[in-house]
1. Let me make sure I get this right: for the stretch 116-178, a, b and c are the square roots of the gyration tensor eigenvalues over alpha carbons, sorted descending. Under 1.5 in a/c it's rounded, otherwise prolate if a/b > b/c, else oblate. Which is it?
2. Hey, can you grab everything whose amide H is under 5 Å from the amide H of residue 38? Only 5+ residues off in sequence or another chain; H modelled, so Pro and N-termini drop out.
3. Nearest 5 is fine: what % of DSSP beta bridges in the chain come out antiparallel, could you say?
4. When N counts the residues of the chain, how does its alpha-carbon radius of gyration compare numerically with 2.2 N^0.38 Å, as a ratio?
5. For n ≥ 4 DSSP H runs only, could you compute -39500 (n - 2.57) per run for the chain, divide by its residues and tell me the 222 nm figure to the nearest 500?
6. So how do 70-76, 120-126, 169-175, 105-111 stack up, highest first, on mean other-Cβ count within 10 Å?
7. Search the structure for amide H atoms under 5 Å from the amide H of residue 133, placed 1.01 Å from N in the peptide plane, and list their residues when 5 or more places away or on another chain.
8. Give me the compactness ratio for the stretch 13-68, meaning the Cα radius of gyration over 2.2 N^0.38 Å.
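FYI, it's all coordinate maths here, none of it is from the lab. Bear in mind that the values here come from a model prediction, so they are computed numbers and not experimental data. A quick note on method: Cβ atoms are made from the backbone with ideal geometry, for glycine too, and the neighbour counts reach across all protein chains shown.
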Amino acid sequence: MVRSSSVPALSFSHMGIFVADVARMEDFYTRVLGFAVTDRGDLASIKLVFLSRDPREHHQIVLATGRPGELPFNPINQISFRMAEFAGLREMHRRLQAEGVDELAPVSHGNALSVYFRDPEGNRIELFVDTPWYVKQPLRVPMDMTLSDAELWAWAEAEARKLPGFKPVEQWRKEVFR
């Protein structure tokens with residue numbers, strides 16, 4: 001697949017989430033995930049809380065009141081955050097265990113090592129670090145966070161090498177984004 005060069009450049013900036021309990025969600029995103037409240041206010045009857053972890057971005061997430069109490073399913077599939085390093089992912093896994101979040105699941109995707117969990121209103125969150133490999137997706141292999149860093153990375157590479165399409169991620173990028 002080749003990216004169309006006729007489409008002007010764009011990058012993802014932020015997202016908004018309708019919430020039922022804005023105070024509870026603000027507490028979770030600031031206390032557990034380390035976001036800062038950058039602004040807050042009202043727009044008509046909606047209360048808004050703006051959150052960011054990037055000083056260059058006024059906000060990366062907007063919490064907005066108004067989520068209906070009864071939804072047949074959660075329309076948010078997942079919200080994903082790239083971690084700067086594996087040590088940070090390991091620390092967040094430890095914190096999330098202590099927090100008692102729902103559905104805490106460390107997994108390897110071959111191209112990323114991830115920790116999934118649910119926020120207080122059931123939105124699935126993914127924290128991840130990239131690996132230097134590409135493997136065909138989707139892939140989700142449970143990962144043992146009790147292994148040492150060296151053992152875990154060796155396991156992740158060995159698992160990835162068994163899979164169709166395994167190659168260095170740089171090779172994959174050159175093939176896809178020529």
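1. oblate
2. Under 5 Å from the amide H of residue 38: 50, 51, 52.
3. 75 percent
4. 1.17
5. -7000 deg cm²/dmol
6. With the highest mean Cβ count within 10 Å placed first, the list reads 105-111, 120-126, 169-175, 70-76.
7. Correct list: 169.
8. 1.04
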